[in-house]
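Asker: Structure incoming, see below.
Each reported figure results from applying straightforward, stated rules to the coordinates on display, with no laboratory input. Remember, predicted model here, so these are calculated numbers, not experimental data. All Cβ positions, glycine included, derive from the backbone under ideal geometry; neighbour counts span all protein chains shown.
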């Protein structure tokens with residue numbers, strides 16, 4: 001699907017996910033049906049998802065961790081997909097540099113880093129090493145609530 005200037009303008013307006021299609025249409029000089037149709041196509045194409053996100057620091061007894069993962073295999077995309085299905089995963093990225101994957105995970109009192117390593121990651125073969133970065137203070141981090 002082509003992302004043109006109108007699609008980008010609609011996406012920017014949807015930073016406020018509660019904004020009405022009519023309001024967006026009025027601001028962009030489009031019809032409400034045009035906005036609705038384009039949003040539907042963007043969602044069907046996997047480009048846009050409208051959802052509520054939270055600042056994990058604002059939720060008591062929750063914290064976020066970023067984990068650098070070094071793999072013992074060149075099949076990074078398959079391993080990234082496997083990680084993406086683990087409990088607590090917010091995002092997984094295949095990256096360049098010292099690590100093969102950067103994984104963002106949400107934890108709470110009922111689900112710990114230790115559980116993540118021993119019950120989730122242990123099921124994935126080919127993980128050579130991991131380094132954990134606990135986020136003490138975030139700026140602009142918003143994640144879907146997945147626990």
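Asker: Measure off 7 Å from each Cα along the Cα-to-Cβ vector at residue 98 and residue 112, then give the distance between these two points in nanometres to one decimal.
Answerer: Once both label points are built, they end up 2.6 nm from each other.
Asker: Any idea what angle helix 32-44 forms with the longest principal axis of the chain, computed on alpha-carbon atoms, 0 to 90 degrees, nearest 10?
Answerer: 20 degrees
Asker: Right, next: Under the √(5λ) rule applied to the eigenvalues of the Cα gyration tensor, what semi-axes describe the equivalent ellipsoid of the range 5-44? Give them in Å, descending.
Answerer: After scaling each eigenvalue by five and taking roots: 13, 11, 10 Å.
Asker: Let me ask something else about it. Enumerate the whole-percent occupancy of each 5 Å bin, from 0 to the last occupied one, for all C-alpha pair distances of the chain.
Answerer: Pairs per bin, as whole percents: 2, 8, 16, 16, 13, 13, 12, 10, 6, 3, 1.
Asker: Next question. How far, in nm, would the chain grow between residue 131 and residue 73 when pulled straight, counting 0.36 nm per residue and subtracting the alpha carbon separation?
Answerer: Full extension from residue 131 to residue 73 adds 19.1 nm.
Asker: Compute log10 of I(q)/I(0) for the range 85-145 with the Debye formula, placing one identical point scatterer on every Cα and leaving out solvent, at q = 0.28, 0.30 Å⁻¹, to two decimals.
Answerer: With one equal scatterer per Cα and no solvent, log10 I(q)/I(0) is -1.58, -1.62.
Asker: Just for the range 1-107, what percent of DSSP beta bridges are antiparallel, to the closest 5?
Answerer: Once the DSSP bridges in the range 1-107 are tallied, antiparallel ones form about 100 percent.
Asker: Can you tell me how much longer the chain between residue 124 and residue 34 gets when fully stretched, taken as 0.36 nm per residue apart minus their C-alpha distance, in nm with one decimal?
Answerer: 27.9 nm
Asker: Tell me, how many Å apart are the Cα centres for the range 75-128 and for the range 19-44?
Answerer: Here the answer is 36 Å between Cα centres.
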